[in-house]
Every structure is written in C-alpha cells, then in structure tokens.
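J.: Structure provided below as structure tokens; questions to follow.
The values are calculated or read from the model by the stated rules, or taken from the named source; none is laboratory data. Small disclaimer: the values here were computed from a predicted structure and weren't measured. Positions of Cβ are generated from backbone atoms using ideal geometry, with glycine treated the same way; all protein chains shown enter the neighbour counts.
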Amino acid sequence: MDVVVLVKQVPDTGSNLEIAEDKKNIQLDNIKWVMNPYDEIAVEAALTFAKEKQGRVTVVSFGPLRSQDSVRTALAMGADKGILIIDPENCRYDPFTTAAVLSTALQQIPCDIIFAGARSVDFDNFQTGSAIAQNLGIPQITQVTRLDIIENAIVCHQITEGGELVKQCPLPALVTCQRGLNEPRYPSLPGIMKAKKKPLEKKELSEIGLDAELGQKSKIISLAFPEERRAARMIEGETPQACASKLVDILHNEVKAI
Amino acid sequence: MVDFTLTDEQQMLQDTARNFALNEIKPVVDEIKIMDRTQFTPWDKVKPMYEKASELGFNKLLIPEEYGGMGMSCMDNVILMEELGAVDLTIAASYFNVSITSPVIIMHGGNEDQKKKWLGEIVSANDYVLASASSEPDVAGADSFCPFPDPRIGLKTFARRDGDDYIISGSKSAFSTNAGAAATYFVMARTDLSKPGFMSTSMFMVPAGTPGLKVGKKTELIGWKTGMHAEVFLDEVRVPASFRIGEEGANSGLFFLKALPFIAGGLAACYVGMARAAFEYAFEYAHQRESWGMPIANHQAVAMKLSDMVVDIEAARLMVWKLACAADAGDPKAAAVMSPAAKTFAVDVAIRNAERALRILGGYGVAQEYETGKFLNDAWVGDSCDGTRDMLRLGIINFIRQSRGKMGPPSMGGGPMDGPPGA
C-alpha cells in the first residue's frame, strides 16, 4: 500500500508577523518555520494507516528549499521517503496552482491514499487538498475527525455544525485531516537519527514536466492586520435607570444602531 | 574552526524537547503545584510523562548503540536539558539528567558484563530512574573532596566484603535525589576505614527492593517541588561483588574524570533553561504592565535588567556548550575546570535572573501565584546540590594553583585525589 502525505511549511503561529513593504506578503526574515499543524495530523494519520496496511509513507511538499526541514521532520516522525518540489516563487502561488503542481507530482508516483491537512494556518484557504482530488479524479473526504479502514475502502467521520457525517469511499482517495483525528507523535530520538539517512528528493518544476510560468487563478492584492479593538467605554450613572438612559442615547444618536 | 551552529538533528532534538516540555511536562508541573504536598508523591504524577519521554529515547540518549541506546553526545544532552529545564528545572535536573548522565559511570567504569547488565536494564524499562546516594547526614559534603590522608574524614557508609558479596551499612543524607522513585541507587561506600576516603571509596549499584535498603521520609526543600529527595538507609544490604563499579577504592578518579562533565554539563544546562524561563516571564510582564502611561519595559531600570538577563544567559550557555564539546572530545580539563565553572556560573545566573524577574514584577513578584518565587527557590537549591558554589570555586583555583606549582597536590575537588595533603 503506497501512502502519501502532503506537508507545507508555515510560520510558527507564535512568530511575530509583519507585513512586507509590498503589502502582498509577510516579512519572511526572523520567522520560525514549522510544519503546518494540520499536516502533522495528516502525517500521524498516514503513519497509522501505513502501519495497519504494511504500507510505505512518502512525504510530498511544494515549497522553497527551507521546506525540506518540514519534510525531514515528517521523516523523523517515521515516514519513509520525501519529495520536495522546489517553489521558485517562495509561496506566492494560489491554492489552484499549488494543487496543479502537487497533482502533477502525484501522477508520477504510486499512491493508494493521500493525506493532507484540512487547512494551512498561513493563508487558510482550505482548498489545496480538495483541488488535488479533483485534478486526480479520485474521491475525497474533507475535515476528517475519525478514520476507519475496511477492505479497500475507508470510512470517515466529518463534524458538521450540530451534527456528524459518516462517509465511505473506495481507494484511492484523498483525505483532509481535522483536529481531533489524532494526537501527532513527537519525532523520537531514533527517528531523528534515522531521518538524515532516508531519501529526500529535491526536484525543480522542470523535472516534473512543468513550466516555471505556472500562472494562477487568483492573486493577493493586499494584506492588512485587523483593526485593534477599541477599549470598552464605561457608562457611568447614579442609578441603573440613568445608565440605561445614557446607553439608549448613545446607541441612538452616536452609533445610530437603534 | 569554532562553530556554534546546531546540526539538523540537534535542531530537531531541540524542537522535540521544547514541544515535549510544553505539552507534557508543563501540565504535570501545574497539577503538582496545586496539590496538597502531604497527600501525594511527585513521582506518581511524573512517571507517566517520564515513560512517554523514554519511548522517545530521552532516557538512553548517552548509552552507546551496541547496548541499545542512542549513542548521542554530551552536546545533545545539554540541548535537551536546556529545553526541559526551561519548563521545570527540577524534573529536568533530577529525574532526567541524573538518569541520563549517571550511566556514563558504568560506560567508563564497568566491565563488559556490567555494561550489558545495567545499561541493558536501563534501556529496557521506560520508568527506570537512577538515584545517587552519596552524601551522608554526619559527613560534610565537602569531605568527599578532602585531600588529607586522614581516614577519619570521609563517608561512613561501609561495605564489608563477604565471600562473593559485599554487605553495606550506613545512612545517606536527606538530599538523595530521586530517592523513592529510583529503580537503582548509586551508593558510595568505603571499603577500608583505615585508609583515606579518596583511596577507599567505591561505587555500588543497589537495586530498589534489595533487603535492608530503606527510603526515609521525603525531604521538603524550599524549591524543587516536583522532585523526590529523602534519606536512604542501608542496613546490612547484601549485593554481589559484581555490583561494584570499577576497582575497589577507585571511585574518585573514575567519577571525576569521565562522568562529571556529563553530569555537571546537564545540570548546568537545566539552570540555563531556568534562567531563560525567568527572562521570558519577566519580558512578557514588562510589556503588559504599565506605569506612567507606558509599558514598564520602556523604563531603563527595567530594560537594563532584561538586557543583563540576556547577557547572562548567553554567557552561561557558551560555558555549557564549551564544556559539552570538551566532554565529547574527551578533554581531561573538562572535569577539573570547565565542569565546576559551568555549573557554578549557570547557578549564579539562574539566581541573578530569578532575582531580576522578581524585582521587575515588583509587588506581584512576591505573590505565590506568580512564577518568580518558584524560579528563586528552584535556583537557590542549585547553590548546594552537587557541590556548593563555593566548593566548586575552590576546586577550580586549587587545581590551577596546583597545576602551576603554586601549591601542593590536588586539593578540594581539583582533580584525582591520590596524593599527600595539600599546602
């Protein structure tokens, strides 16, 4: 059984993010880069699946060279092999293009099941996994919180607002992993020591038959931080009635909410 | 060429250690903090987490691969210890550092059978903690460093040879680390009370549960609340002669030259971690707390303290890393100068940073619910454990004076103690 897991390197959510001068990206210096936390869940799911089915896990990533650290982390967690498609544009592609690149790469390697994070915590598009399944023409189940394996098929649970869906699909399939599916393991010391000896292929876009001019369906026009919330304004008055009266006055005349 | 860049593996080890400490150790520390200390044993709370750490390989980091360990370095251990120490100094320094570094004594002093037996036991049990039982209630800790050939000075615990066994009797002080948690105790005992301590002290492995070995009442320290310290009593404890590590009476040289840099380096790294945690805590506070309409970090009196904390952390870490590199290279100077220097300086820094943090927090600094009191108490325990800072300083200068012919032979912890009295 060939198991593939997709990982992306993202800024640590604890990093101090600043918007770059062009207002289209964040400043990339002084950021601690980590594996997308949802992809850690995907790696854990892939390793668990592979263990049950005596499969091998290949980690695939599309990103700048530094992303090899995240691939290596997945190898230290227990994956068998890594493939990094080098992104010449430093993560400026939209999910459509990212999915096109990864789909092309995945068509060139055997895969019976693909695990991906439900979202990446940088641009939060929730799209890449789904778009890959579409490109490859395979079933997908998204935002999975529980996964059971039956003969040549998987049964997945998906939490919806106020309910739970249970879905089944045949393999090959793509699964995007949501929090609650598992607790990702830590890379163990033996895992860390073995990771360097595991194969990690680095490929340029041309090596998988793609042009560096990939084009994209959408682009970022500008980035901005949300406005800081203003401090609460306290209404003072002698009696509750007086306070209520002042509040109504403000809501009506100043805020014009009522 | 000097290079402080960590390897890819070391960076991954650092990340794993940091994440493990925050996600697995912190909840244990927080739980113990609010518990009634008379009603529980810290080890019971720590043990599940320790087992999880052992599954990741922390417990066998230094043990060579041929004995089932990781075969990693002193440098790797100090990276691990700094991260664990930054979340809880005590858990890092006692359960982890003592258990990870003490096996170095067996690696260097044990014969092949002993290595197979003891290292094999350590790597095969996830809850295998080691304890050191050396100091004694009526013997000054400094007596173990005494160079005078006076047989009345030194440990009183005595190991009597009886055929193929030793029978050990005596009592160990209330500061025996990991007492009550340990699977095996490293017990220092004299084998000939007519010879000076430095010629008659041996190290024995005594498994918990050996008839006659008893752990006394748990000792309450001002800090190190997650740790286990207690008296250890040995009443006619019979162990096979094969449980003695090294030649009879050869403990001192073995301990100082080979194992000390690993033990001291790990301990010092824990204190660097704690000093770092104190800085992080004070730094955050100084940006939230306001006076005169601005965060107090904008006031120079606070900013300078924060800066001094960073300077101290950087310096202490450099000393620890230098010691670790020297230990890995087998440099004999690692034991005599760098070990006591790194340990004493790291504790100096931890105490200074705990005090600075406390002062930055002002009134809140002395409130129990803030972390500053814990930092200060944990830091001060380091003043006396594994040699007081004064003893270590004396050891350093005595070794240097002696090696330059400015005084008599080795004195006060300055090196292997096999000569006549010092000047």
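J.: Considering B:101, B:90, which residue is surrounded by 24 or more Cβ atoms within 10 Å (Cβ to Cβ) and closer than 18 Å to residue B:184 by Cα?
T.: B:101
J.: Would you say residue B:119 is closer than 15 Å to residue B:187 by Cα and out of contact with any Lys or Arg (no Cβ under 7 Å at 6 or more places or on another chain)?
T.: no
J.: Picking from A:86, A:114, which residue would you name as being over 17 Å from the mean Cα position of the chain (by Cα) and among the hydrophobic types (A, V, I, L, M, F, W, C)?
T.: Answer to the check: A:86.
J.: I need a count of the residues in segment A:19-41 that are closer than 18 Å to residue B:11 by Cα, more than 10 Å from the chain's Cα centre (by Cα) and more than 14 Å from chain B (Cβ to nearest Cβ).
T.: Adding up the residues that qualify gives 2.
J.: Got at least one residue in segment B:42-60 being in a loop (DSSP other than H, G, I, E, B) and within 14 Å of chain A (Cβ to nearest Cβ)?
T.: yes
J.: Now for a different question. Please enumerate the residues belonging to segment B:1-10 that are more than 8 Å from chain A (Cβ to nearest Cβ) and either at pLDDT 95 or above or surrounded by 11 or more Cβ atoms within 10 Å (Cβ to Cβ) (or both).
T.: If we filter segment B:1-10 for residues that are more than 8 Å from chain A (Cβ to nearest Cβ), which is where we start, we get B:1-7, B:10.
Hits for segment B:1-10 are B:6, B:7, B:10.
J.: Please find, among B:323, B:361, the residue that is at pLDDT 95 or above and in contact with a Gly (Cβ under 6 Å, 6 or more places away or on another chain). Can you show your working first?
T.: Details: B:361 fails: in contact with a Gly (Cβ under 6 Å, 6 or more places away or on another chain).
Sole residue among the options that is at pLDDT 95 or above and in contact with a Gly (Cβ under 6 Å, 6 or more places away or on another chain): B:323.
J.: OK, next. Just checking, which of A:130, A:103 is within 24 Å of residue A:200 (Cα to Cα) and either at pLDDT 90 or above or in contact with a Ser or Thr (Cβ under 7 Å, 6 or more places away or on another chain) (or both)?
T.: Of A:130, A:103, the one residue that is within 24 Å of residue A:200 (Cα to Cα) and either at pLDDT 90 or above or in contact with a Ser or Thr (Cβ under 7 Å, 6 or more places away or on another chain) (or both) is A:103.
J.: A further question on this structure: If you go through segment B:292-314, how many residues are under 20 Å from the mean Cα position of the chain (by Cα) and farther than 13 Å from residue B:353 by Cα?
T.: The number of residues fulfilling the criteria is 0.
J.: Something else: May I ask you to list the residues in segment B:322-333 that are touching a residue at least 40 places away in the same chain (Cβ under 8 Å), part of a helix (DSSP H, G or I) and over 16 Å from the mean Cα position of the chain (by Cα)?
T.: B:325, B:326, B:328, listed by residue number.
J.: Of all residues being closer than 30 Å to residue B:65 by Cα and charged (D, E, K, R) in segment A:146-202, which is surrounded by the fewest Cβ atoms within 10 Å (Cβ to Cβ)? Just the residue, please.
T.: A:197
J.: Given the options B:262, B:243, name the one that is more than 30 Å from residue B:315 (Cβ to Cβ) and crowded, with 18+ Cβ neighbours inside 10 Å.
T.: Details: B:262 fails: more than 30 Å from residue B:315 (Cβ to Cβ).
On inspection, the qualifying residue turns out to be B:243.
J.: Something else now. When the residues of segment A:45-72 are narrowed to those that are away from chain B (no Cβ under 14 Å) and charged (D, E, K, R), which ends up nearest to residue A:107 (Cα to Cα)?
T.: Checking each candidate, the answer is A:56.
J.: When only residues in segment B:392-423 that are farther than 14 Å from residue B:338 by Cα, hydrophobic (A, V, I, L, M, F, W, C) and buried (at least 18 other Cβ atoms within 10 Å of the Cβ) count, which is modelled with the lowest pLDDT?
T.: Filtering first and then ranking leaves B:417.
J.: Okay, next question. Residue B:128 is checked against (1) in a loop (DSSP other than H, G, I, E, B); (2) farther than 21 Å from residue B:211 by Cβ; (3) not polar (S, T, N, Q) and fails just one. What number does that condition carry?
T.: Failing condition for residue B:128: (2).
J.: Can you spot a residue in segment A:10-27 that is of a type outside the set (Asp, Glu) and part of a helix (DSSP H, G or I)?
T.: From segment A:10-27, those of a type outside the set (Asp, Glu) are A:10-11, A:13-17, A:19-20, A:23-27; that's our starting set.
Imposing the further condition that a residue be part of a helix (DSSP H, G or I) reduces the set to none.
No, there is no match, as no residue in segment A:10-27 is of a type outside the set (Asp, Glu) and part of a helix (DSSP H, G or I).
J.: I'd like to know if segment A:184-192 contains one or more residues that are closer than 30 Å to residue A:96 by Cβ and modelled with pLDDT of 90 or more.
T.: Within segment A:184-192 (the criterion being closer than 30 Å to residue A:96 by Cβ and modelled with pLDDT of 90 or more), the answer is yes, since at least one residue qualifies.
J.: What residue, among those in segment B:20-40 that are touching a helix residue (DSSP H, G or I) at 6+ places or on another chain (Cβ under 9 Å) and within 12 Å of chain A (Cβ to nearest Cβ), is surrounded by the most Cβ atoms within 10 Å (Cβ to Cβ)?
T.: Ranking the candidates gives B:21 first.
J.: Looking at segment A:73-107, which of its residues are in contact with a strand residue (DSSP E or B) (Cβ under 7 Å, 6 or more places away or on another chain), within 14 Å of chain B (Cβ to nearest Cβ) and in a helix (DSSP H, G or I)?
T.: A:73, A:74, A:75
J.: Can you tell which of B:215, B:206, B:237 is closer than 13 Å to residue B:157 by Cα and of a type outside the set (D, E, K, R)?
T.: Just one listed residue meets the conditions, B:237.
J.: Could you check segment B:28-64 and list, in sequence order, the residues that are of a type outside the set (Asp, Glu) and without any contact (Cβ under 8 Å) to a residue 12 or more places away in the chain?
T.: B:34, B:35, B:38, B:39, B:40, B:48
J.: Among what's in segment B:68-105 and is part of a loop (DSSP other than H, G, I, E, B) and closer than 18 Å to residue B:323 by Cα, pick the residue that is nearest to the other protein chains (Cβ to nearest Cβ).
T.: Residues of segment B:68-105 that are part of a loop (DSSP other than H, G, I, E, B), as a first pass: B:68-73, B:88, B:102.
Still in the running and closer than 18 Å to residue B:323 by Cα: B:72-73, B:102.
Numbers: B:72: 7, B:73: 12, B:102: 18 Å.
So the residue we want is B:72.
Quick grid of which residues meet (1) free of Cβ contacts under 8 Å to residues at least 60 places away in the same chain; (2) surrounded by 17 or more Cβ atoms within 10 Å (Cβ to Cβ):
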site	(1), (2)
B:132	yes, yes
B:137	no, no
B:140	yes, no
B:151	yes, no
B:163	yes, no
B:177	no, yes
B:182	yes, yes
